[in-house]
Structure formats: C-alpha cells, structure tokens
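Peer 1: Here's a structure for you.
The values are calculated or read from the model by the stated rules, or taken from the named source; none is laboratory data. Bear in mind that the values here come from a model prediction, so they are computed numbers and not experimental data. Cβ: placed from backbone, ideal geometry, glycine included. Neighbour counts: every protein chain shown.
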Amino acid sequence: MSLKWFLYAAAALFAGEALAAGPQSAPIVSEPSLRAHLAFLADDLLEGRGTGQRGGELAVRYLETQALRIGLQPLPSPQVHGFLQSVKIIGSQTLPDSYAEFISGNQIMKPVSGSEIVFGSSGGRTESNLDAQVVFVGYGIRAPEERWDDFKGTDLKGKLLIMMVNDPQATADEPQRFGGAALTYYGRWTYKYEEAARQGAAGVLLIHTTPSATYAWNVPQTSFTHERFSLPDVGNAMEGWLQESTARQLFAAAGQNLDQLRAAAERRDFRPVSLNLRLHAKVHSRVRQVEQFNVIGMVPGTDPVLKKQAVVYSAHWDHLGIETDASGKTHIFNGAIDNASGSAALLAMAETAVTHPTRRTQIFLWPCAEEQYLLGSAAYITNPPWPLAATAADLNLDSMNFVARTRDIGVEGSERSNLYQSAQKVAGKMKLKIAPPAPDLGGAFFRADHFNFARAGVPAFNVGSAVFSGDGHFDFDKQPKQVYQQQMKDFKGHYHTEQDRYRPDWDLSGMAQQAQFTLNLGYEVANTTLMPVWHQGEAFANIKR
C-alpha cells in the first residue's frame, strides 16, 4: 500500500471512530485555524491560485493534504479519485496580433485593445477570422415567461451581435418586470454569450457601463488580459466587451444614435437593427488542454436511511493567478477575500465537523475554475459523485466578512426555498437578525458556485451574499458602524485587483461567525427529516434531478 492510500485509510478509520459518538450539535469553528489557512492560501507563494497555473496546483495539494489531516473521507464514487475530481477544460489566451476593426462606408475604426475593446474566443479555437455584418439586438434576451423576445425570428447566423448587459428596466405599469430592481440571469454576461451561441452568431460584444454591468471596466479588462477557460467546443468564435464611448462612436459612424436604440430596446416590440457597419477581425489564441481538480471530502452520516442523502458546503479555491506584463513586472492576484476566505472557512468547518457527524452525510466541496464561468461546479453537476436527487442543499461561501462581528447575517437567495425558514431558526439560536433584504442589483445569486446546484434543482444559496456584493449594510458590533461598513464597501474597489491581499491585522471574528452560521445551518438541514424544497413559482422548482 502506498503512503497516500495508507493515509486515506487512516483518515477513514479516524472518521469511523468519530461516528461512534452519534450526531451532535454543530461544533465551534476555530478562528485561529481559519486564519492560518487563509494566510497560507492567500500568500504570494501560491501565486494567486490561477487556473492552469502552478499556484493552482499548490492550492489543490494543500487542500488535499488538509482533507487527509482533518479526517475527511473520500466519496465512494468512480467520479472521484481520493479527494480529487478531474475537470477537463480548454485554456485560451488572446495573442497580440489579434485585431478588430469596424468599417462603415469609407470609414475604418479600430478600437484600442484593452482600453476600448476586449475580446477573445472560447471552445478551443486557435484562430477565427470574421467578416460579419453588425446587428444591435438590444438586451439579447429571449424569455417566454416575460413575454420577451429581442430576436423576433431574425436570422442572425454569421452576424456580430452587439448587446446591452443587465435586464429591461421595470416600469410603473410593470414594477416587477425582470425582477424589478434586481438583476436576473438574463442580465448576466454569461447568459448573453450563451444566447449568442444559440443564435449561431459569428460573435458577440457587450456594451459596458459601470451601472449596467455593476462593476467597472477593469473587471472585464482583467478577465480578457488573463488566459480564459471554457469547456471544449462551447462558446463563440469572438466574445468580448465594448466601452460605451466606443460603442457610441461606432453607432454614430453607422448613422445611428445609441441612446435612441437603447430606449427602443426597453420595449417588447423591439426588433434587431442591422447597422451600416461590418466587423473585420482576427482572433488568434494560444490554446491548451488543462486538467484541473475539484477537491471533495465527506463526513458520513449516522442515520441508516438519511446518510444516503447529503448537505454540501462549497467554496471555490481558484483566483486569477499570476501574470507578467510587457515591461516584465510580475503581478499576483492573491484573491484573499475572493476566495481564499471561503476555502479557509470550509477547512476550519470540516476540521470540527469530522468529530460531530450529522444524520445526513456532509460533503465539503472546493470547486476549481469558478472565476472561469463556474466550470468546476458545472463539472460536479454534470458528473455528480453524489446523486443530485439525494442532495439536500448546497451552502456556498464566497468573499466573506473580513471586517468584524455583526448582529445580523445576510441570507439573500435563501428566500427562494424553505432554506430561509431554516436560516431564521439558526439565526434566532445565535441571537442574530436576518439582514434586511436588498435588491440583488449585481446578480450575486448567479455569480457563485451555488448557482449551478440551483440550475440542477438543488436548493442552494450563497451564505452572507451581501458581503459578496459589497453592499456593506451589515449591523456591525463595533462603533462607529459607518467606519466598518465603509471597509466592506471599499472591497468593491479591490475586487479582482492586486489589492485583494491578506492583512494580518484583519479582525476575523466576523468571518468565523459567518462560517459558524453556515455550519449551524448545515447541521439544521442535515439533522431534519424533510428535505429542503423550492417555493412554488420558482423556476428551479420545476427542474427534475
């Protein structure tokens, strides 16, 4: 027997001894343990835990080693080898000789790559040459339940589609149109790219504004500067973003007013507008096949029947990695909050959970490639190592509270299912209030790994999601509260930048509190006889799993 498999066997034996004690209440999450894991995972040594990079490999090895040390057990599934589930993806890096130019009559416009336009390709294409008519398709949405179709049967095969991000705005007559103030999945850039591919388009460009995207230009700019990842044969030959000012110039050259077209796109009778504009482009990419890994371990349940069902806790381990710019300077995107915080919290939670089993099995999942369109959790759902029909819930942690303890807890997204009632019960026991509901303006519900579980019919949400969206409205214990709320809001400026670094002076009592609430909620679900269910009227309630 190899040393590795000896350690697996030892971990199983340790966990078996712990099970003899029977189900108990949730244990106390250790703040020092959480801090130690966070400091290591966010260290420069791990080079930002990039997908397909050495730092990512180090993160996986660390999580695997810690799972062994803690005493988690491997899942009894052919999808998992030890604690690892293989995820095969394609990496694409847009090369400098790529270009995009727009022609209207005798006028040729070539937006500056990086500052005015960003683009790439997906699905493993090494080179795509485009000569395409440009068509404005409004929001690029087809939503029968909203009686909305921006395409109206128009043949868009081989066209370059320009779309707005976000949703059609609510009106006085329809205050809840497309979720009202909240962002629905139709407003997310991921949906826009998916819909362009379904339309058979040559490519798709999204018009960026900070209010509509809910983040500044640096976010897509950073994403397209890095290597991007996708599943094989999925995606568009060209996909990217245009600065609003650049789009305005292109539309004017084509004899159109961007603002007038955007106003028309707010109506149901909008139809695609073919512009007097053609795209000539070459998208040249360096492509490679990459194997990444989800890290998964479990604490088996104690009930003879319910142990066949599981509660999943998840937190992605990856971030944006390391890069060297044209001047030779190295940039490390450490991702301390996003999401070394969640990964560290799961380790601290698992460390105590192994000695306090529940009636249902508990699964601790660290997905890969979340920053690359949630690819790791998508792979888990596509080839589930635990039956989805026997999965009670997914409780996800992403970008946690690094400021201070609070008197309340954010549970946005839980109201879609009766997980909200469970969250209320747990909050009451912890003497916490449920944070006031706020419109999901940034579409946070659709931006983290729990969303893939929801799309597969599993009740799920991102615990403390208001932290993730950076709203900063929590009721902090410390005074003056406004100072600590501002610290939370300031994270939006550090999101996906080199400033998201670990600081030893952080007060992690709030992070430990959030982890404790998540574990307590998991225990509530794991020890209750009935499975959580979606509320009637939720689209996820109709999904058979």
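Peer 1: Looking at this structure, is ARG405 at negative phi and more than 22 Å from the chain's Cα centre (by Cα)?
Peer 2: yes
Peer 1: Take ALA100 and decide whether it is surrounded by fewer than 23 Cβ atoms within 10 Å (Cβ to Cβ), under 27 Å from HIS226 (Cβ atoms), among the small types (Gly, Ala, Ser) and in contact with a Leu (Cβ under 7 Å, 6 or more places away or on another chain).
Peer 2: no
Peer 1: Condition (residue is in contact with a strand residue (DSSP E or B) (Cβ under 8 Å, 6 or more places away or on another chain), in the same structural domain as GLY457 (by TED's automatic domain parsing) and among the polar types (S, T, N, Q)) applied to the range 291-302: is it met by at least one residue?
Peer 2: Checked against the condition, which is being in contact with a strand residue (DSSP E or B) (Cβ under 8 Å, 6 or more places away or on another chain), in the same structural domain as GLY457 (by TED's automatic domain parsing) and among the polar types (S, T, N, Q), the range 291-302 yields no hits at all.
Peer 1: What number of residues in the range 306-332 are outside any helix (DSSP H, G or I) and touching a Lys or Arg at 6+ places or on another chain (Cβ under 9 Å)? Even if it seems obvious, please write down each step before you answer.
Peer 2: The initial filter retains those residues of the range 306-332 that are outside any helix (DSSP H, G or I), namely 309-332.
Now drop any that are not touching a Lys or Arg at 6+ places or on another chain (Cβ under 9 Å), which leaves 309-311, 317-322, 332.
Residues that pass the stated criteria total 10.
Peer 1: Within the range 226-267, which residues are over 25 Å from ALA444 (Cβ atoms), part of a loop (DSSP other than H, G, I, E, B) and of a type in the set (A, V, I, L, M, F, W, C)?
Peer 2: Hits for the range 226-267 are ALA237, MET238, ALA254.
Peer 1: Ok, one more. For the range 90-97, check the following and say yes or no: at least one residue is closer than 28 Å to ASN166 by Cβ and at pLDDT below 95.
Peer 2: yes
Peer 1: I would also like to ask the following. Test ILE363 against the criterion of being closer than 13 Å to GLY522 by Cβ and in contact (Cβ under 8 Å) with a residue 12 or more places away in the chain, and give yes or no.
Peer 2: Details: closer than 13 Å to GLY522 by Cβ: yes; in contact (Cβ under 8 Å) with a residue 12 or more places away in the chain: yes.
It is true that ILE363 is closer than 13 Å to GLY522 by Cβ and in contact (Cβ under 8 Å) with a residue 12 or more places away in the chain.
Peer 1: A further question follows. Working only within the range 118-127, note down all residues that are buried (at least 19 other Cβ atoms within 10 Å of the Cβ) and either hydroxyl-bearing (Ser, Thr, Tyr) or over 26 Å from the mean Cα position of the chain (by Cα) (or both).
Peer 2: SER121, SER122, listed by residue number.
Peer 1: Could you check ASP325 against (1) touching a strand residue (DSSP E or B) at 6+ places or on another chain (Cβ under 8 Å); (2) closer than 30 Å to LEU68 by Cβ and say which number it fails?
Peer 2: (2)
Peer 1: Return the total of residues in the range 152-172 being under 28 Å from the mean Cα position of the chain (by Cα) and surrounded by 18 or more Cβ atoms within 10 Å (Cβ to Cβ). Working first, answer last.
Peer 2: Of all residues in the range 152-172, those under 28 Å from the mean Cα position of the chain (by Cα) come to 160-170.
If we keep only those that are surrounded by 18 or more Cβ atoms within 10 Å (Cβ to Cβ) too, we end up with 160-168.
Total satisfying the criteria: 9.
Peer 1: Shifting gears a bit: So the check is Cβ under 7 Å with 6+ separation or different chains; which pairs have a first residue in the range 316-328 that's at pLDDT 90 or above and a second one that's part of a loop (DSSP other than H, G, I, E, B) and acidic (Asp, Glu)?
Peer 2: HIS316/GLU370; HIS316/ASP398; HIS316/ASP449; ASP318/GLU370; ASP318/GLU371; HIS319/GLU371; LEU320/GLU371
Peer 1: Quick test of your reading of the structure: GLN536 fulfils all but one of (1) part of a loop (DSSP other than H, G, I, E, B); (2) crowded, with 24+ Cβ neighbours inside 10 Å. Name the failing condition by number.
Peer 2: GLN536 satisfies every listed condition except (2).
Peer 1: Among the residues that make up the range 173-196, is at least one of them in a strand (DSSP E or B), in contact with a Leu (Cβ under 7 Å, 6 or more places away or on another chain) and surrounded by 18 or more Cβ atoms within 10 Å (Cβ to Cβ)?
Peer 2: No; the residues of the range 173-196 include none that is in a strand (DSSP E or B), in contact with a Leu (Cβ under 7 Å, 6 or more places away or on another chain) and surrounded by 18 or more Cβ atoms within 10 Å (Cβ to Cβ).
Peer 1: Farther than 17 Å from ASP167 by Cα, assigned to a helix (DSSP H, G or I) and modelled with pLDDT under 95: is that true of SER223 in this structure?
Peer 2: yes
Peer 1: What single numbered condition from (1) more than 25 Å from GLY120 (Cα to Cα); (2) touching a Pro at 6+ places or on another chain (Cβ under 7 Å) fails to hold for GLY153?
Peer 2: Here GLY153 meets the rest and fails (2).
Peer 1: Looking for something hydrophobic (A, V, I, L, M, F, W, C), closer than 22 Å to LYS433 by Cβ, modelled with pLDDT of 90 or more and outside any loop (DSSP other than H, G, I, E, B) - is there at least one such residue anywhere in the range 487-508?
Peer 2: Checked the range 487-508: no residue is hydrophobic (A, V, I, L, M, F, W, C), closer than 22 Å to LYS433 by Cβ, modelled with pLDDT of 90 or more and outside any loop (DSSP other than H, G, I, E, B).
Peer 1: What's the number of the only condition in (1) under 19 Å from LEU519 (Cβ atoms); (2) outside any loop (DSSP other than H, G, I, E, B); (3) small (Gly, Ala, Ser) that ALA448 fails to meet?
Peer 2: Checking ALA448 against (1) under 19 Å from LEU519 (Cβ atoms); (2) outside any loop (DSSP other than H, G, I, E, B); (3) small (Gly, Ala, Ser), the one that fails is (2).
Peer 1: Continuing with the same structure: Within the group SER128, SER122, SER77, SER115, which residue is touching a Lys or Arg at 6+ places or on another chain (Cβ under 8 Å) and in a loop (DSSP other than H, G, I, E, B)?
Peer 2: SER122 is the lone residue from the list that is touching a Lys or Arg at 6+ places or on another chain (Cβ under 8 Å) and in a loop (DSSP other than H, G, I, E, B).
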